[in-house]
1. Check every one of the strands (runs of 3 or more DSSP E) wholly within the stretch 178-264 and list those with 2 or more residues that are closer than 14 Å to F126 by Cβ.
2. Mind listing whichever residues of the stretch 49-68 are more than 10 Å from I247 (Cα to Cα), in a loop (DSSP other than H, G, I, E, B) and either hydrophobic (A, V, I, L, M, F, W, C) or in contact (Cβ under 8 Å) with a residue 40 or more places away in the chain (or both)?
3. Quick test for you: out of V216, V192, pick the one residue that is of a type in the set (V, I, T), surrounded by 14 or more Cβ atoms within 10 Å (Cβ to Cβ), in the same structural domain as I124 (by TED's automatic domain parsing) and in contact with a Ser or Thr (Cβ under 9 Å, 6 or more places away or on another chain).
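The values are calculated or read from the model by the stated rules, or taken from the named source; none is laboratory data. Please read these numbers as outputs of a predicted model, since none were measured by experiment. Cβ atoms come from the backbone with ideal geometry, glycine included; neighbour counts cover every protein chain shown.
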Amino acid sequence: MEDILLIYNFFKRNGNRIVLLTLIWIMFTLMFVQDVYGKHYDEVRIPNNGIVSYYDFEGSHTGDLTIPDKAGKNNMKVVGFPEIIDGTAGEGWYSNLVEVVGANAFSFLEIPYTPEFNSKSFSIGFYGGFCGLDSWDLHKNYYWSWGDNLAMCITTEVVDEYEIYTTNLRFGNKTYSFYTHAVQFAYYHYVVVYDGTNRILMGYWDGQQQIRDTDVSRPSVSGSPIRFATDNNLNHNFSGRFDEIAIYNRPLTPIEVTRYYGGVGLEIEPKGKLACTWGEVKR
């Protein structure tokens, strides 16, 4: 009983002070959440600091020969017969995206080489999904390629009569796995981050870090463009969809990757887009 009285008297004497401190704590917590997830909880924006090129396919149409670079002047080239289609929430997509039918046709996307690609560090991210494979051989179904020794691809193997799809990252002479049970017609967010100063390689799948390696040297890209839906030699294509492709000249932080995963549009863009996020659509 005495303990209860002591607690009662403490709050009686210091009640206003405790309320004030609680309100201050709540205010700083909200400021932190706002800084991490954007200006508004329901309007997350993709980080723009250090961005070299960004392609959201908004305002583009099937038949266009180029896709505007919304962050720079390095417009993407359209080769073959990629289509710009409207995404629907039921399919897991939001707003315009590009569909490349490359498994049986010569179609791909190419980001021309620019000197800004020579930065010591970099990050490459995109939303993507595959719906047709060129073959079941390792390193023959490419999300993207950048030179001969830097690429993301799909590997297929049959285990107990089930097809198992793995998303791989080839970085120099090593191969890393993102996710061992990718699904056709499902769409994921991938980010490859290379910290050249500390020689650290990281890979993220839907905002979660799944690859981390240290003492990693950056492969030479020797003036090569970045190609989506094919390899560097244009020998292997696959069918799939891409959206929100972004290239940075620095390593994104884990918090920035989270914002990229949940973001729609760059931070510098006007508020002309819906405030729905990719994370909400997928959920």
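1. 188-195, 200-205, 226-228, 239-248
2. Listed by number, the residues that qualify are N49, D56, F57, E58, L65.
3. Testing whether each residue is of a type in the set (V, I, T), surrounded by 14 or more Cβ atoms within 10 Å (Cβ to Cβ), in the same structural domain as I124 (by TED's automatic domain parsing) and in contact with a Ser or Thr (Cβ under 9 Å, 6 or more places away or on another chain) leaves just V192.
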